[in-house]
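Have a look at the structure below, then the notes.
The values are calculated or read from the model by the stated rules, or taken from the named source; none is laboratory data. It should be emphasised that the depicted structure is a prediction, and the values quoted were computed from it without experimental measurement. Here Cβ is always computed from backbone atoms with ideal geometry, including for glycine, and neighbour counts include all displayed protein chains. What goes into the accessible areas is simple: the full protein's heavy atoms, side chains included, and nothing from ligands, DNA or RNA. Shrake-Rupley method; radii C 1.70, N 1.55, O 1.52, S 1.80 Å.
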Amino acid sequence: MDSLIWESDVPQLRSPMLVCSFRGWNDAAGAASRALAAVAESLDAELLAQIDPEEFFDFQTTRPTITLKEGQARHIDWPQNNLFAARVPAADRDLVLFDGTEPSLRWRTFSEGIATAADALGAEMVITMGALVAEVSHTLPVPITGLASSEELVEELDLERSNYEGPTGIVGVVHDCCRQLGMTSASLWAAVPHYVAAVPNPKAALALLRRLEGLTGIAVDASELEEETASYEEQIGRAVAANPEIKELVERIEAEQVEQLGGEGADLPSADTIARDFQHFLRQQGK
């Protein structure tokens, strides 16, 4: 893809996985993009390449923004689609991160470019993260569902299957391009409460991040996200308590979720959860 502009030569990475998120329709409450940003920050990711937005965006729909530098000079920020490398010497593999914005035009060309870049970097697997609005409670653990390129991969990665059928975003097209090129891929989706979908949801971002750790085997420092999650739960809790109608709605949703989880079994953490929590405990003890 001619619009993919490399900042340097294609690097040699160790068994990399490509992890993508896209702002827009696929990113309810900004959860997926926030999770990817936390990964990039924690692993000191370096910019590899950028996609020129000119061919893929309707700027009347996705408008660039103007920012002021030093109160005078004006700078235009265009829709970003950046590829980063995150080298992780302490792990068995490196990561490639794609921080994107859902394009307006030429989705197939755009997605084929991402898949081609992943192939050039030797990516062994492509993982996308997304977030959707659902009837779930903010008081319970964030539901994470998953899709994969094969039934065998769904079983291997212990993903909870999604039964969604309907309109798709750029994430669905990227996965289809990967399938056509013979690349394995998986998708993680966090469900965010519909009654607070208009505000950023760090709790959903943290849940995506923890699930990603289980798939990649790479630990990420998410202390900032954890602090934001505690503040988020406290603020949403106060707002819900102050509105009797919303409080009743949340209690109903919570009861339905607990029932769907199977009552007593819902209180028992999975092996993946225990492993991730223990991994997080070790990180807190320092190097």
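Tabulated results
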| item | result |
| --- | --- |
| Within the stretch 154-177, tally of residues that are open to solvent by 40 Å² or more (accessible area, probe 1.4 Å) and either farther than 25 Å from ASN81 by Cα or hydroxyl-bearing (Ser, Thr, Tyr) (or both) | 10 |
| Failed item in (1) over 15 Å from the mean Cα position of the chain (by Cα); (2) of a type in the set (A, V, I, L, M); (3) at pLDDT 90 or above, with ILE127 passing the rest | (1) |
| Per-region count, the stretch 24-55, residues crowded, with 19+ Cβ neighbours inside 10 Å and either among the charged types (D, E, K, R) or free of Cβ contacts under 8 Å to residues at least 24 places away in the same chain (or both) | 2 |
| Residues of the stretch 241-252 classified as among the β-branched types (Val, Ile, Thr) and under 11 Å from THR139 (Cα atoms), total | 1 |
| Number of the condition not met by ASP94 [criteria: (1) over 27 Å from SER15 (Cβ atoms); (2) of a type in the set (Asp, Glu); (3) at pLDDT 95 or above] | (1) |
| The stretch 8-44: number of residues that are among the aromatic types (Phe, Trp, Tyr) and in a loop (DSSP other than H, G, I, E, B) | 1 |
| Residue ID - modelled with the highest pLDDT, chosen from residues in the stretch 178-198 that are open to solvent by less than 50 Å² (accessible area, probe 1.4 Å) and over 20 Å from LEU36 (Cβ atoms) | PRO193 |
| Residues (β-branched (Val, Ile, Thr), closer than 30 Å to LEU95 by Cα and crowded, with 19+ Cβ neighbours inside 10 Å) located in the stretch 199-247 | THR216, ILE218, VAL220, THR229 |
| Given (1) under 17 Å from PRO193 (Cα atoms); (2) at pLDDT 90 or above, index of the condition ALA242 fails | (1) |
| Hey, GLU7 under 20 Å from GLY113 (Cβ atoms) and surrounded by fewer than 14 Cβ atoms within 10 Å (Cβ to Cβ) or not | yes |
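Okay, residues lined up against (1) open to solvent by less than 10 Å² (accessible area, probe 1.4 Å); (2) more than 21 Å from ASP27 (Cβ to Cβ); (3) part of a loop (DSSP other than H, G, I, E, B):
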| residue | (1), (2), (3) |
| --- | --- |
| THR67 | no, yes, no |
| ALA91 | no, yes, yes |
| VAL96 | yes, no, no |
| SER104 | no, no, yes |
| PHE110 | yes, no, no |
| GLY122 | no, yes, yes |
| ILE127 | yes, no, no |
| VAL142 | no, no, yes |
| GLU152 | no, yes, no |
